[in-house]
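See structure below.
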């Protein structure tokens, strides 16, 4: 489907989902999402510049598409997509006609002007989600810092252990050499004593 220059692609998080919609204006996008809150003013909605999002939204203009947040799965229509015609202009009151030829025995389709129920205010839920995400990010940063400190302490301990082991080996080698010299001196003194006629040594 060719892209219409009058449509733009908007994106906004909705609970556990990322949503997009191709609409002619921010007001039309908010209507498609079914909210009276100005998500754009609150910083929760924005114009999308992602090629994959733009391609998916233009393929189904006026329909709210969504996917689970943080995934790469394709966008799919939300439960209640909105027709583009309802986004381009405010709904008009349908005029009654007395022309019997215009009457149809078939049941009429539900009016597009049926008032939407006022969506619940999710600002508190959004704030709680943002706080949880911030705390989880801070926890990750702290754990990473603690891990770095632990590795540094272990490396310092290993250096100290190796230095102590080297000093111990050096001391033992020096002591062994002195012991060998003392034993040799004792043997020489014993032989000299016996040669001189000494006994008992």
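The values are calculated or read from the model by the stated rules, or taken from the named source; none is laboratory data. Not measured: the values here are computed from a predicted model. Cβ coordinates were reconstructed from backbone atoms using ideal geometry, including for glycine residues, and neighbour counts include every protein chain displayed.
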Practice task
Check 95, 101, 116 and return the single one that is modelled with pLDDT under 55, over 33 Å from the mean Cα position of the chain (by Cα) and not in a helix (DSSP H, G or I).
Solution key: 95
Practice task
Among the residues of the range 19-51, write down those that are touching a residue at least 60 places away in the same chain (Cβ under 8 Å), crowded, with 20+ Cβ neighbours inside 10 Å and under 18 Å from residue 117 (Cα atoms).
Solution key: 28, 35
Handout entry: Single residue of the range 120-148 satisfying the filter (outside any helix (DSSP H, G or I) and touching a residue at least 40 places away in the same chain (Cβ under 8 Å)) that is farthest from residue 45 (Cα to Cα)
Key = 121
